[in-house]
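Everything on this sheet refers to the single structure shown next.
The values are calculated or read from the model by the stated rules, or taken from the named source; none is laboratory data. Nothing here was measured: the structure is a model prediction, and the numbers come from that model. All Cβ positions, even for glycine, are placed from backbone atoms using ideal geometry, and neighbour counts span all protein chains on display.
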Amino acid sequence: MQWVKIFTGSAEADKRLVENKPQLLIVEGKRICLVKRGADFLAVNDRCPHNGESLSKGLVNFAGEIVCPWHGHQFNLKTGREFQERSPDVDCYPIKADEDGLYIGI
């Protein structure tokens with residue numbers, strides 16, 4: 001796994017990301033849906049495995065799931081699991097923070 005710096009630190013990420021609003025991030029050619037939820041930063045593959053829509057265009061529900069804007073499939077942001085098992089799960093990417101910045105594992 002390669003760690004790629006995405007922000008100079010948590011403070012910058014807090015300023016640039018809106019709570020529970022998905023953000024498209026392209027890292028190493030991969031489309032990633034990034035969400036700030038409380039103190040956590042969560043990242044999943046941006047492509048819905050059901051029909052290919054961008055998950056970063058969706059919403060985050062009260063249960064902490066990203067909801068696909070096309071057909072409403074709901075994916076847990078921590079596990080990638082689809083709520084009703086209607087489609088394959090999405091890949092999750094680990095996020096880590098240290099004194100040098102906020103990183104995503106690719």
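A few points about this structure:
- A Cβ distance below 8 Å, combined with a sequence gap of six or more or placement on separate chains, defines the contacts here; from the range 86-106, residues that are within 10 Å of V4 (Cα to Cα) reach residues that are modelled with pLDDT of 90 or more and basic (K, R) in the pairs G101/K5; L102/K5; L102/K96; Y103/K5; Y103/K96; G105/K96; I106/K30.
- Residues (modelled with pLDDT of 95 or more and out of contact with any Leu (no Cβ under 6 Å at 6 or more places or on another chain)) located in the range 73-86: H73, Q74, F75, N76, K78, T79, G80, R81, E82
- When V60 is tested against the conditions (1) over 15 Å from K36 (Cα atoms); (2) among the hydrophobic types (A, V, I, L, M, F, W, C); (3) at pLDDT 95 or above, the lone failure is (1).
- Inspection of the range 49-70 identifies at least one residue that is outside any loop (DSSP other than H, G, I, E, B) and basic (K, R).
- Search result, residues across the range 17-48 that are basic (K, R) and assigned to a loop (DSSP other than H, G, I, E, B): K21
- Residue check, R81 without any contact (Cβ under 8 Å) to a residue 12 or more places away in the chain, surrounded by fewer than 20 Cβ atoms within 10 Å (Cβ to Cβ) and of a type in the set (D, E, K, R): yes
- The one condition from (1) in contact with a Leu (Cβ under 9 Å, 6 or more places away or on another chain); (2) of a type in the set (K, R); (3) in contact (Cβ under 8 Å) with a residue 24 or more places away in the chain that K36 does not meet is (3).
- Restricting the range 1-57 to residues that are within 14 Å of Y93 (Cβ to Cβ) and touching a Pro at 6+ places or on another chain (Cβ under 6 Å), the residue that is surrounded by the fewest Cβ atoms within 10 Å (Cβ to Cβ): S56
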